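Trainee: Here it is, the structure, as structure tokens.
The values are calculated or read from the model by the stated rules, or taken from the named source; none is laboratory data. Quick caveat: nothing in here was measured; it's all calculated off a predicted structure. Every residue, glycine among them, receives a Cβ derived from its backbone with ideal geometry; neighbour counts consider all protein chains shown. Ligands, DNA and RNA are stripped out before the accessible areas are found, and what is left, the full protein with its side chains, is counted by its heavy atoms. Shrake-Rupley method; radii C 1.70, N 1.55, O 1.52, S 1.80 Å.
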Amino acid sequence: MKTSEEETAHHQKKFENITWEEKTITGRYFDHCAFYKCSLKGSVFEDCNFENCVFEECDLSLIKLKETAFSNTQINGSKAIGIVWHAASNPLSVNFKNSRISYSSFYGKNLKKMQVVDCIADEADFTNCNLIKSNFAGTDLMNAIFINTDMSQANFVNATNYSINLQNNKTKKAKFSLPEALSFLHSLDIILVDQEL
């Protein structure tokens, strides 16, 4: 009989307080699985599939993805720092809430309707991404990179610290809130004069 470490297909399982740090995990299929307070830090996932999975209060920092897919996956209250998401298989469907995704790269990914709510995403790279109808409400985007990014109809209400150049990104019908939206003026090559009345 195979142990849980040897099984390749996992359906509707809950993994709690699992430590898979610096491990190589190959050929696994996770369907409707829940990971709670697990540490997967620095692990390599090769030829794996995560479908309809939830990660709660986990540490996924610096995991490496090789031919690994995420479909309808939710990451809540977790650390997912320094992940090269653009190495994941397409399509990539992953959402974040109350998580830290700093220093992660989503370069070139189709992330339409992605949720990144109340997160810390400092220095995350969204270059060449499709962020149409995505939701960054309440997220700290300090030094996050947006170049040739389509964020049409996206929601940045109550997002903070972003620096988005209107000349090399698409922002049609995207929602922003004041005072943070004043940061757009920096990319317009204009001179602002504070005139006292």
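Trainee: Once you have the Cα-Cα distance between Asn128 and Glu180, take 0.36 nm times their residue separation minus that, and quote the gain in nm to one decimal.
Mentor: Here the answer is 16.4 nm.
Trainee: Out of residues 5 or more away from Ser105 or on other chains, whose amide H comes under 5 Å of its own, with H placed 1.01 Å from N in the peptide plane?
Mentor: Ile83, Val84, Trp85, His86, Asp125
Trainee: Run the quick spin-label model on Asn98 and Val157: label points 7 Å from Cα toward the beta carbon, then report their separation in nm to one decimal.
Mentor: So the two model labels end up 2.1 nm from each other.
Trainee: A further question follows. Among Asn17, Asn90, Phe176, flag the residue with its Cα farthest along the positive direction of the charge dipole of the chain, charges on Cβ as +1 for Lys/Arg and -1 for Asp/Glu.
Mentor: The Cα lying farthest towards the positive end belongs to Asn90.
Trainee: In nm, what is the difference between 0.36 nm times the number of residues separating Asn17 and Glu46 and their Cα-Cα distance?
Mentor: 8.3 nm
Trainee: Still on this structure, please answer the following. In straight Cα distance, which lysines are under 23 Å from Lys133, not counting same-chain residues fewer than 8 positions off?
Mentor: Lys97, Lys109, Lys112, Lys113, Lys170, Lys172, Lys173, Lys175
Trainee: Let me ask something else about it. Using a Förster distance of 25 angstrom, determine the FRET efficiency expected from the C-beta separation of Tyr29 and Tyr107, and round it to 0.05.
Mentor: In this case the efficiency is close to 0.40.
Trainee: Give me the percent of the accessible area of the chain that comes from carbon and sulfur atoms, probe 1.4 Å, all protein chains in place.
Mentor: 48 percent
Trainee: Please give the contour-minus-distance gain from Met142 to Lys66: 0.36 nm per residue of separation, less the Cα-Cα distance, rounded to one decimal in nm.
Mentor: 24.5 nm
Trainee: For region 104-170, what does the accessible surface come to per residue with a 1.4 Å probe? Please give it in Å².
Mentor: Heavy-atom SASA per residue in region 104-170 reads 41 Å².
Trainee: Could I ask something else about it? Compute, for the chain, the length of the dipole vector about the Cα centre, with Cβ point charges of +1 (Lys, Arg) and -1 (Asp, Glu) only. Units Debye, rounded to 20.
Mentor: Computed about the Cα centre, the dipole is about 580 debye.
Trainee: Consider a paramagnetic label point 7 Å from the Cα of Lys173 along Cα→Cβ; state which residues of region 112-133 have an amide N under 15 Å from it.
Mentor: Flagged as within label range: 113, 131-133.
Trainee: Probe 1.4 Å, all protein chains in place: accessible area of Glu46 in Å², nearest 10?
Mentor: 80 Å²
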